[in-house]
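Here the structure is laid out as structure tokens; the discussion comes afterwards.
The values are calculated or read from the model by the stated rules, or taken from the named source; none is laboratory data. Everything numeric in this text was worked out from a predicted model, so none of it was measured. Backbone-built Cβ (ideal geometry, glycine too); neighbour counts: all protein chains shown.
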Amino acid sequence: MAHVDTVEAQQAGRRFIKRAMQAPLLEREQERQLAIRWRDDHDEVALHELVNAYVRLVVATAARFRNYNLPMGDLVQEGTVGLMQAAKRFDPDREVRFSTYA
């Protein structure tokens, strides 16, 4: 079954992707501190900062599936949920970057 996005949905998706690509990358220590705040204090602001810094990876991965006729917005949405799940399980005490883990 074909999926057709409305013009508004397409524009919203492009704005989201543009913002995601402009989000600053995190240094290793910033990433670690955000993950610790999330793990120890359940600080949702820290969770969102961590996830938002890496949504660009979701966008890049989703772009590889465009040839399958899947809506880009759906791919990014599913990938972002997966990124949040990875953030919840991530152990900042290990010597691995979040982007590698996710």
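Quick notes on this one:
- The lone exception for residue 87 - which of (1) under 15 Å from the mean Cα position of the chain (by Cα); (2) modelled with pLDDT of 95 or more it fails: (2)
- Some residue of the stretch 50-64 being out of contact with any strand residue (DSSP E or B) (no Cβ under 9 Å at 6 or more places or on another chain), free of Cβ contacts under 8 Å to residues at least 40 places away in the same chain, surrounded by fewer than 13 Cβ atoms within 10 Å (Cβ to Cβ) and not in a helix (DSSP H, G or I): yes
- Hits in the stretch 76-95 (condition: within 11 Å of residue 13 (Cα to Cα) and without any contact (Cβ under 8 Å) to a residue 40 or more places away in the chain): 77
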